[in-house]
2 protein chains.
Amino acid sequence: MEKRATIKDVAEAAGVGVATVSRVLSGGSASPSTRERVLAVAAQLDYRPSALGRNLRQRRTGGIGLLVPDLTDTFYAQLSEGVLACARAAGEPVVVGSTGGDPEQEAELVGMLLEQSVDRLIAVPTGGADTWAPALKAGMTVVFADRLPAEAAPDEPDAFTDLLLLDGLAAPPPAPRPLDAPAVLADDRAGVRTAVRYLRGLGHRRIAFLGGPGHERRAGAFREAVGAPVDEELVVFATGSRDSAYAAASGLFQSRPDLTAVVAGGNVLGEAAVLAARELDLRVPRDVSLVMYDDVPWAELCSPPLTVIAQPGRDMGYRAAELVLRGGPRRARSVTLPTELIVRGSCGPRRT
Amino acid sequence: MEKRATIKDVAEAAGVGVATVSRVLSGGSASPSTRERVLAVAAQLDYRPSALGRNLRQRRTGGIGLLVPDLTDTFYAQLSEGVLACARAAGEPVVVGSTGGDPEQEAELVGMLLEQSVDRLIAVPTGGADTWAPALKAGMTVVFADRLPAEAAPDEPDAFTDLLLLDGLAAPPPAPRPLDAPAVLADDRAGVRTAVRYLRGLGHRRIAFLGGPGHERRAGAFREAVGAPVDEELVVFATGSRDSAYAAASGLFQSRPDLTAVVAGGNVLGEAAVLAARELDLRVPRDVSLVMYDDVPWAELCSPPLTVIAQPGRDMGYRAAELVLRGGPRRARSVTLPTELIVRGSCGPRRT
DNA sequence: AAGCATGATGGAATCGTTTCCATGGAGAAG
DNA sequence: CTTCTCCATGGAAACGATTCCATCATGCTT
C-alpha cells in the first residue's frame with residue numbers, strides 16, 4: 001500500500017519543473033530530450049496522474065452520469081451497455097444510478113451527481129420538468145434517452161392533444177418551455193403504428209395498450225394509431241414494479257374479456273402479460289395476441305416466441321453517449337432511431 | 001448557468017471563517033448561534049459542498065466501483081441493483097464498468113478507477129491474480145462477488161485438485177498467495193450438488209455441464225457431484241458472448257447425443273441451451289432435461305418453465321456493498337449465501 | 001552585430017475543501 | 001484576584017493537478 005507518485009516526484013526525479021511534466025504528459029510543447037527523460041522517469045515511477053487534482057483545477061469531474069429506471073429491465077441494461085461501451089472508448093468513467101421509476105429518487109440522484117460535479121448526464125427520465133430544469137440550469141449537459149421528461153413539450157404534439165384541438169375543445173396549451181436538451185429516441189409513433197396495423201390486419205378490433213411509467217408517448221401513439229374513438233378502458237398503466245405490471249395486466253384481462261390483442265409498452269409489461277394470460281388460462285395467440293416492446297433475448301424463448309417491436313437499445317445508449325461527450329457549446333440535435341416489428345409467434349388471427 | 005456558491009461565499013455572507021463553515025457542515029463543534037446563522041446562509045445560498053475539493057483533500061474519491069462482465073446478463077443486473085440500492089442508502093456514487101468477460105478490459109477499467117482514486121471496488125472478477133494483486137497493493141478495498149479470481153487459492157480446494165492429490169499425481173501446489181479480499185459468494189457446491197442429485201433421482205446418468213468464463217468453481221462442484229469417473233467431454237465451456245454460448249451448447253448436443261440432462265452454469269448459457277435444443281429438435285424435458293443457474297424473471301415464461309438454481313443476486317450485491325462500505329482496517333469476512341433449487345418444468349425422467 | 005521572434009522552461013497561482021494550530025475570551029478553581 | 005482550562009474561532013497549509021506568465025536562450029532578420 002505504498003502511496004502513488006505525484007507529479008512533483010516525477011519533476012524532481014527528472015530534474016525539471018512540474019509545469020514541464022504536466023506539459024509533456026498532456027501533449028504540450030517540450031524539447032525532445034526533456035520529453036524523453038520525463039517520459040522515462042514517469043514510466044519508471046509508475047506515475048499515473050490523479051484525476052482528483054485535475055478535476056479540481058478544471059472544476060468538473062469528467063465522467064458521465066447515467067440514470068435509468070431499473071437495470072433488471074433488459075432494455076435498460078442494453079442501453080446501459082451501449083453507454084458504457086462508448087464511455088470506455090473515450091476513457092471516461094460512468095456513474096450509474098437506478099431510479100426505480102421514482103421521481104423523488106431521481107431528483108436525489110441528480111443532486112448527488114451535481115455534488116460530484118458530474119456535468120454530463122444521460123437519463124431515461126422519470127420526473128418532469130421540475131426535476132430537470134434545475135439540472136440544466138446548473139450547467140449540466142443532459143441527453144435524454146428512450147423518452148423525454150413528461151412536461152417537456154414534445155416535438156410532435158401527441159395524438160390526444162391533436163384530438164382536442166381538432167374538436168375545438170381546448171386552446172393550444174401554453175407550451176411549457178421545452179427543456180433545452182437533446183434526446184435519443186426510438187420512433188415510437190412508427191413502431192406502435194406498425195404493430196397496431198399488423199394486429200388490425202389479423203382482424204383484431206379490440207386492442208389494448210399496457211404501459212408503464214414513461215410510456216405516455218407510446219400510449220399517445222397507440223391512441224393515434226387505433227384512431228378515434230379510443231376506448232380508454234383499453235389503455236392501462238402500471239407503476240414501475242413487476243408486481244404492479246402483473247396486476248395491471250391481470251386486471252385488464254379480467255375487466256375486458258372481450259379484448260383480443262395487447263400491445264405491451266415495455267418488456268416488463270410483456271412479461272407480465274404472458275404471466276397473467278397464463279394464469280387466466282388465456283392462450284397466446286389463440287385467445288389473445290401479444291406484441292411486446294423490446295426485442296430482448298428471452299423473447300425467442302417464450303412459447304410461443306414473442307412478436308416484438310425492436311428498439312436498438314445498445315445503439316441508443318451509444319449514440320446518447322456520443323452526444324453527451326461531444327456536447328459542446330452548441331447543443332446537439334436529437335436523434336430518432338427506427339424501430340422494427342419482428343414477427344414471431346405471439347400474434348394470430350382473431351377468433352370469434 | 002450561474003456558478004455554484006463555494007464555502008468561501010458562505011463564510012463571507014455569514015461573517016465567519018471558512019473553517020467554521022466547514023465545521024458546522026460536518027458536525028464539528030460550534031456555538032449554537034453561529035451554527036444557526038451559517039446553516040441559514042448556506043440554505044439561502046443553496047450551497048452544496050463540492051465533492052471535488054473534499055476528495056482532493058482527503059485523497060480519495062469516495063464512491064465505489066462496480067465491475068461486472070455484462071449488464072445484459074440478468075443475474076449481474078440484479079446484483080448491480082443490489083449494489084446500487086445499498087450505495088444510494090449510503091449516499092455514495094457508483095462507477096460501473098462492464099468488462100465483457102475480457103481480462104484485458106477488466107485490467108484497463110481497474111486502472112481507470114485507480115486513476116480516479118476510487119478506492120473501494122466490488123468486482124465479479126474475470127482476470128486472475130495478476131489483475132487483482134496490483135489493485136490490492138495500491139490500497140483498494142476490494143470485495144469480490146459471485147466468484148473469486150481464478151488463481152486465488154479458494155478456501156476449499158476444488159475437486160480437480162483433490163483428485164490429483166488423491167492420486168498422488170501432483171504435489172500440493174505452491175499455494176498462490178490468496179488475494180487478501182473478502183467475497184460474497186453463493187454456495188455453488190451445494191447448489192450444483194442439489195441439482196445433480198435431483199437429476200440423478202430422475203434417472204439421468206449422462207449429465208453435462210455447460211459453463212462460461214468464471215464458472216470453474218461450479219464446474220469443479222459439478223465434477224465432485226457426479227463423482228469419478230468424470231466424463232470430461234460432458235464439461236464444456238463457452239467464452240463470454242451469447243454466440244459462443246449457443247455454439248457451445250449446440251456443439252455439446254451434437255457431439256454427445258447420448259446425454260440426457262444439462263446443467264447450465266449461468267442464465268445466458270441456459271438461454272443458449274434452450275435455443276440450441278429447439279434448433280436440433282430436442283424437446284425439453286422429453287429429450288433433454290435442463291437445470292439453469294439463476295432464477296431470472298423470464299425463466300417462468302419459457303415453455304416449459306425452467307427449473308433453476310436460484311442465487312440471491314440482489315442480496316449478494318447489497319451485502320457486497322455493505323462489506324466494501326464498512327471495509328475498514330480489519331478486512332471483513334467473506335460470506336456465502338444459500339442457493340435454492342426451484343423446480344419448474346424443464347426436468348423429466350430419463351427416457352431411453 | 002544588434003534587435004527581435006520563437007520556443008523551452010520553471011515558479012507560482014488556482015481550484016474548494018478539510019484540518020492543524022494559534023489566539024482570545026470566558027468561566028472555574030485556587 | 002490570578003491562573004488554568006476549555007472551547008469557539010479564523011488563518012493558513014495542505015491535497016495534486018493545470019496553466020498563466022515571466023525568464024532565458026537560441027537562431028534569424030535586418
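The values are calculated or read from the model by the stated rules, or taken from the named source; none is laboratory data. What you are looking at is a predicted structure, and each value in this text was computed from that prediction instead of being measured. Note: ideal-geometry Cβ built from the backbone for every residue, glycine included; neighbour counts use all protein chains shown. Quick note on the areas: whole protein, heavy atoms, side chains included, nothing else; ligands and nucleic acids left out. Shrake-Rupley method; radii C 1.70, N 1.55, O 1.52, S 1.80 Å.
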(message) For the stretch B:299-330, which positions are in contact with a helix residue (DSSP H, G or I) (Cβ under 9 Å, 6 or more places away or on another chain) and open to solvent by 10 Å² or more (accessible area, probe 1.4 Å)?
(response) B:GLU300, B:PRO305, B:ALA310, B:GLN311, B:PRO312, B:ARG314, B:ASP315, B:TYR318, B:ARG319, B:GLU322, B:LEU325
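Where residues in the stretch A:90-109 are assigned to a helix (DSSP H, G or I) and under 18 Å from A:LEU79 (Cβ atoms), which of them is nearest to the other protein chains (Cβ to nearest Cβ)? Show your work before the answer.
Just the residues of the stretch A:90-109 that are assigned to a helix (DSSP H, G or I), to begin with: A:90, A:103-109.
Now narrow it down to the ones that are under 18 Å from A:LEU79 (Cβ atoms): A:90, A:106, A:109.
Working: A:ALA90: 11, A:GLU106: 11, A:LEU109: 7 Å.
In this case the residue turns out to be A:LEU109.
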(request) Determine whether A:THR74 is in contact with a Ser or Thr (Cβ under 9 Å, 6 or more places away or on another chain), farther than 19 Å from B:VAL95 by Cα and crowded, with 19+ Cβ neighbours inside 10 Å. (result) yes
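Are there helices (runs of 4 or more DSSP H) fully within the stretch B:159-247 with at least 1 residues that are buried (at least 18 other Cβ atoms within 10 Å of the Cβ) and modelled with pLDDT of 95 or more? List them. Write out each step before concluding.
On the way: elements: B:159-167, B:188-201, B:216-226.
The qualifying helices (runs of 4 or more DSSP H) are B:188-201, B:216-226.
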(message) With the condition being within 19 Å of A:VAL184 (Cα to Cα), I'd like the strands (runs of 3 or more DSSP E) fully within the stretch A:261-352 carrying at least 1 qualifying residues.
(response) A:289-293, A:307-310, A:335-337, A:340-342
(message) Return the residues of the stretch A:275-307 that are among the hydrophobic types (A, V, I, L, M, F, W, C) and touching a residue at least 40 places away in the same chain (Cβ under 8 Å); say none if nothing qualifies.
(response) A:VAL284, A:LEU290, A:VAL291, A:MET292, A:VAL296, A:TRP298, A:ALA299, A:CYS302, A:LEU306
(message) Being within 16 Å of DNA strand C (Cβ to nearest atom), under 24 Å from the mean Cα position of the chain (by Cα) and without any contact (Cβ under 8 Å) to a residue 12 or more places away in the chain narrows it down to one residue among A:GLY17, A:GLY111; which is it?
(response) A:GLY111
(message) Restricting to the stretch A:118-130, count the residues that are in contact (Cβ under 8 Å) with a residue 24 or more places away in the chain, surrounded by fewer than 21 Cβ atoms within 10 Å (Cβ to Cβ) and either within 10 Å of chain B (Cβ to nearest Cβ) or assigned to a helix (DSSP H, G or I) (or both).
(response) 1
(message) If I go through the stretch A:75-87 residue by residue, how many of them are within 7 Å of chain B (Cβ to nearest Cβ) and more than 21 Å from A:PRO149 (Cα to Cα)?
(response) 2
(request) Check A:PRO69 against each of (1) within 25 Å of B:CYS86 (Cα to Cα); (2) in contact with a helix residue (DSSP H, G or I) (Cβ under 9 Å, 6 or more places away or on another chain); (3) at pLDDT below 95 and name the one condition it does not meet. (result) (3)
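Filter the stretch A:24-34 down to the residues that are near DNA strand C (Cβ under 6 Å from one of its atoms) and free of Cβ contacts under 8 Å to residues at least 12 places away in the same chain, then identify the one that is farthest from the other protein chains (Cβ to nearest Cβ). Outline the logic, then answer.
Going through the stretch A:24-34, the residues near DNA strand C (Cβ under 6 Å from one of its atoms) turn out to be A:29-31, A:34.
Retained after the next criterion (residues that are free of Cβ contacts under 8 Å to residues at least 12 places away in the same chain): A:29-31.
On the way: A:SER29: 24, A:ALA30: 22, A:SER31: 27 Å.
Ranking the candidates gives A:SER31 first.
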(request) Would you tally the residues in the stretch B:279-315 being modelled with pLDDT under 95 and basic (Lys, Arg)? (result) 2
(request) Pull up the stretch A:4-63, narrow it to residues that are open to solvent by 70 Å² or more (accessible area, probe 1.4 Å) and among the acidic types (Asp, Glu), then point me to the one that is farthest from DNA strand D (Cβ to nearest atom). (result) A:GLU36
